[in-house]
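Below is one structure; the comments refer to it alone.
Only the coordinates and a few stated rules stand behind these numbers; no lab work does. Remember, predicted model here, so these are calculated numbers, not experimental data. As a convention, Cβ positions derive from the backbone with ideal geometry for all residues, glycine included, and neighbour counts pool all protein chains shown.
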Amino acid sequence: MTKSTTQYAALEDIASRWDQWRMAEFPRHIEQRLRSVGTFGEHAIERISELSDELERLLSVGPTLRAIDFFLARGSSQSQRLDRYATIRVLEILDQVKGGPIAWPKGWSPEDPNQRERILQDTEIGLVRLVSMKSAATSGPVATLDAGAISGELGILRGMDLIALAGGSFEISAPGTQRASGLGYTMAAPRTLAINPWATTKLKILAQATGPDDLLLYDGSATTASKIQSSILMSVSNTLQRAGLSQDPSVRPLSIRNTAGRRAYDVGGLEAAASLLGHDDFTSVAKKIGIRSHGRVRVR
């Protein structure tokens, strides 16, 4: 069998699976499925449901693979395109369609040149959370970044820093980091971070398996701080890869943390984002969360 024949067979298999997805009327159950997994906010659920319906209509009127290509290319802005790719991957991961992450079209890169670790769309962060739910070992680091922790805190958090609250929720006592940035401010100050509800079940497992003085997010054999942190971040990078987001060079583990900062900004402005991220410089905060207009002022 030639390489071209093999590729054709693979494409035919993908087309067949998407046809089955449409015939099984899965789009009509997508909202229920998304709510049941618990990793998506309401805005993301509405957006994925809307796009799922659109994809179903396209598949019903034209050749399957062409319809998918048209669906992915239809977004007129970067955010719309990112939502479409995330939707495709969400539908695959929910076992409604089997397949691998669809490649970005040639000639178009989703990278944002203005942000090294761009914030994620609501659809994308829900997707990352969903993929991380495979185990507590993967959901723990993602949930900690999703709460606003910096990478330097991941490898020094201990069991005693995970605080169980009434009702089954958790907080993390983030110790902060002492290293100063090039601008002279502390990279992250000590603070308390609320763990998002989607990770509660997995963190209960993590809490039960971790002693008060044990490292919370690492149980390997490395003893140096740099290797421990690198191992944890690698697990997050693998999660981003499984989510299909690693093709975008502006998506990195700290994109999850920056997204948490942006959520805080949307509710309470730059001061709220700075408090969550542990920074005292608005310029740095604004850059990290993708805000273009800001003043060079300090919180404290």
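Of note:
- Check: the range 3-93 dipole with +1 on Lys, Arg Cβ and -1 on Asp, Glu Cβ, in debye: 200
- Ranked by how many other beta carbons lie within 10 Å on average, peptides 232-244, 11-23, 147-159, 259-271 from highest: 147-159, 232-244, 259-271, 11-23
- Length available on full extension from R57 to A207: 0.36 nm per residue minus the Cα-Cα distance, which gives 49.4 nm.
- With the charge dipole of the range 186-300 set up from +1 on Lys and Arg Cβ and -1 on Asp and Glu Cβ about the Cα centre, the Cα lying farthest toward the positive end among the listed residues P253, T200, S231 is that of P253.
- Full extension of the chain segment joining D214 with D69 gains 47.3 nm, where the gain is 0.36 nm per residue of separation less the Cα-Cα distance.
- Separation of the A225 and Q78 label points, Cα + 7 Å toward Cβ, nm: 3.4
- Shape of the range 122-288 from the C-alpha gyration tensor: rounded (a/c under 1.5, with a ≥ b ≥ c the square roots of its eigenvalues).
- Charged-residue dipole, Cβ positions (Lys, Arg, Asp, Glu), the range 122-288 about Cα centre, Debye nearest 20: 320
- Residue exposure proxy: T144, T64, ordered by other Cβ atoms within 10 angstrom of their Cβ from fewest to most, comes out as T64, T144.
- Segment M234-S246, extension gain: residue separation times 0.36 nm, minus the distance between their alpha carbons: 3.1 nm
- Candidate aspartates and glutamates for bridging to K204, where Cα separation is under 18 Å - those fewer than 8 sequence places away on the same chain excluded: D146, D161, E171, D213, D214, D219
- Kirkwood hydrodynamic radius of the range 3-93, Cα pairs, Å: 13.9
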